[in-house]
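Working notes, beginning with the structure itself.
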Amino acid sequence: MKPRLIIYDIDGVVANSQARYLRSGGDSALAQKDYNEFRKCMLRYSEDIYDDEPILTGIEMIEHVRRAYRADRMVALTARGEEGRELTLMWLHEHMPWKVTNEDLIMRPPYIEYAPGVYWKEGESKFDAVEYKRHVALELMKDFEVVMAFDDHHDISHAYWEIGIPSICLMVPGIDQGTRMQAAISNVVQG
């Protein structure tokens with residue numbers, strides 16, 4: 001029998017990072033379909049995470065499911081960039097009721113800067129959070145029984161469901177971080 005695992009997203013599920021995202025300027029860059037500027041904004045977004053308030057509803061729901069399913073491991077699977085690992089781990093250690101190790105935090109690979117301020121070349125595929133999380137979940141399923149996944153984005157929750165993972169799309173009133181940002185990113189990726 002494989003050990004049991006729960007996947008949870010950070011932003012919009014256990015951390016309210018909406019104010020930080022708005023300060024980063026990412027909305028403006030996406031509205032202009034400037035993906036290089038958006039990547040610069042996301043580097044700024046990785047800073048000052050201690051302003052993020054914990055989302056108690058999400059934390060308590062995940063903790064309840066962890067206990068009910070007797071999960072052996074909890075994995076934070078986030079589209080936050082690898083450049084924010086140290087600060088993100090510190091925030092998780094402070095706010096999560098379960099132990100979080102470096103291995104329990106899976107983050108988007110760091111951006112590659114081709115030249116100062118140039119992170120994306122014409123013709124390259126842009127980062128797709130849905131495909132990224134689907135791929136990582138499939139890899140985790142090789143070694144674990146993934147008993148539940150929590151995300152605040154419908155398309156990601158649906159991707160988990162499609163590969164056989166029960167999923168809860170957690171939408172907390174007043175916190176629109178994941179849905180608005182992911183919708184804007186999808187518009188840029190498809191545009």
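The values are calculated or read from the model by the stated rules, or taken from the named source; none is laboratory data. On a predicted model such as this, the values are computed, not experimentally measured, just so you know. Here the Cβ is made from the backbone with ideal geometry for all residues, glycine too, and neighbour counts use every protein chain on show. Only protein heavy atoms, including side chains, enter the accessible area calculation; ligands, DNA and RNA are left aside. Shrake-Rupley method; radii C 1.70, N 1.55, O 1.52, S 1.80 Å.
For the stretch 121-148, a residue qualifies if it is modelled with pLDDT under 95 and part of a loop (DSSP other than H, G, I, E, B), and the qualifying residues are Lys121, Glu122, Gly123, Glu124, Ser125, Lys126, Phe127, Asp128. Give the residue that is modelled with the lowest pLDDT, with candidates limited to residues of the stretch 75-90 that are surrounded by fewer than 20 Cβ atoms within 10 Å (Cβ to Cβ) and in a helix (DSSP H, G or I). Step by step, filter the stretch 75-90, then rank; the result is Glu83. On the stretch given as the stretch 45-74, residues that are exposed (fewer than 14 other Cβ atoms within 10 Å of the Cβ) and assigned to a helix (DSSP H, G or I) total 7.
When you look at Met107, is it in contact with an Asp or Glu (Cβ under 6 Å, 6 or more places away or on another chain) and either at pLDDT 80 or above or under 20 Å from Val14 (Cβ atoms) (or both), yes or no?
Values: in contact with an Asp or Glu (Cβ under 6 Å, 6 or more places away or on another chain): yes; either at pLDDT 80 or above or under 20 Å from Val14 (Cβ atoms) (or both): yes.
Yes.
Is it the case that some residue within the stretch 152-171 is part of a loop (DSSP other than H, G, I, E, B), open to solvent by 50 Å² or more (accessible area, probe 1.4 Å) and among the acidic types (Asp, Glu)? The answer is no; no qualifying residue exists.
Taking the stretch 26-44, which residues are among the basic types (Lys, Arg) and either surrounded by 20 or more Cβ atoms within 10 Å (Cβ to Cβ) or more than 17 Å from the chain's Cα centre (by Cα) (or both)? So that I can check it myself, show each step before the final result.
Step one: of the stretch 26-44, the residues among the basic types (Lys, Arg) are 33, 39-40, 44.
Matches in the stretch 26-44: Lys33, Arg39, Lys40.
Applying the criterion of being among the hydrophobic types (A, V, I, L, M, F, W, C) and in a loop (DSSP other than H, G, I, E, B) to the residues of the stretch 95-120, the residue that is farthest from Leu43 (Cα to Cα) is Trp98. Here Asn102 meets the list (1) under 20 Å from His153 (Cβ atoms); (2) loosely packed, with under 14 Cβ neighbours inside 10 Å almost entirely, failing just condition (1).
Yes or no: the stretch 52-69 includes at least one residue that is under 23 Å from Val172 (Cα atoms) and under 13 Å from the mean Cα position of the chain (by Cα). Looking through the stretch 52-69, none of the residues is under 23 Å from Val172 (Cα atoms) and under 13 Å from the mean Cα position of the chain (by Cα). Search the stretch 41-57 for residues that are on the phi > 0 side of the Ramachandran plot and pair each with any residue that is not aromatic (Phe, Trp, Tyr) when their beta-carbon atoms are under 7 Å apart and the residues are at least 6 apart or on different chains. Close Cβ pairs satisfying both conditions: Asp48/Arg20.
Given the structure, is Leu5 in contact (Cβ under 8 Å) with a residue 60 or more places away in the chain, over 19 Å from Val172 (Cα atoms) and part of a helix (DSSP H, G or I)? Steps first, please.
On the way: in contact (Cβ under 8 Å) with a residue 60 or more places away in the chain: yes; over 19 Å from Val172 (Cα atoms): yes; part of a helix (DSSP H, G or I): no.
Judged against the criteria, Leu5 is not a match.
The listed residues are Pro97, Pro109, and the only one of them that is at negative phi, open to solvent by 40 Å² or more (accessible area, probe 1.4 Å) and more than 14 Å from the chain's Cα centre (by Cα) turns out to be Pro97.
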